[in-house]
1. Tell me yes or no: at least one residue of the stretch 29-37 is more than 16 Å from Thr84 (Cα to Cα), over 16 Å from the mean Cα position of the chain (by Cα) and not in a loop (DSSP other than H, G, I, E, B).
2. Where the second residue is surrounded by fewer than 19 Cβ atoms within 10 Å (Cβ to Cβ) and aromatic (Phe, Trp, Tyr) and the first is farther than 13 Å from Leu79 by Cβ and modelled with pLDDT under 95 and lies in the stretch 47-61, which pairs have Cβ atoms under 9 Å and are six or more apart or on separate chains?
3. Got a sec? Which of Thr71, Thr5 is outside any loop (DSSP other than H, G, I, E, B) and surrounded by fewer than 10 Cβ atoms within 10 Å (Cβ to Cβ)?
4. Give Ile14, Ile10 a once-over and let me know the one that is at pLDDT below 95, of a type in the set (A, V, I, L, M) and exposed (fewer than 10 other Cβ atoms within 10 Å of the Cβ).
5. Could you please let me know if Leu39 is at pLDDT 90 or above and in contact with a strand residue (DSSP E or B) (Cβ under 7 Å, 6 or more places away or on another chain)?
Amino acid sequence: MRKNTSGFNIDKFITELHKSQQDFTAQAEQMQRWANTSLVNVDVKAMLETLLKSDRNAEKMNILYNQEVATRGRNLWSLYSAFTNYATYADERNGFTHRNTRGDTQEKRMFMREVKVAGWIESPVFKSLAVAA
């Protein structure tokens, strides 16, 4: 029988630990840059209409963004926060409710929202806002 620690390599563990610290620091710096990136001169609603490809969803997301602005300011971090809110909740908290379809598909639909948000963050539109800082 093998023990749980078979194949453990302390040097590899130290390397992975160091890499995870660097990744965390890089992510925190990116989020701080987003918080420092003003969207005062950006027509966020028009940008959302382009990005979301649905006027109705763009309007809901714009409302959600403006709620974030009240707390975080008119910056890219507020937009990102609105996106993550969309991916986290599917009820009256953000206006993006799911219909009850009798199937147990809530988890799948929420995962698909996460995928959408990842696509929005990687889109040229979002990245152009991040680069403008």
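The values are calculated or read from the model by the stated rules, or taken from the named source; none is laboratory data. Only a predicted model underlies this, so the values are computations on that prediction, with no experimental measurement involved. Don't worry about glycine lacking a Cβ; one is built from the backbone with ideal geometry, like all the others, and counts go over all protein chains shown.
1. yes
2. Asn57/Phe96; Lys60/Phe96
3. It is Thr71.
4. Ile10
5. yes
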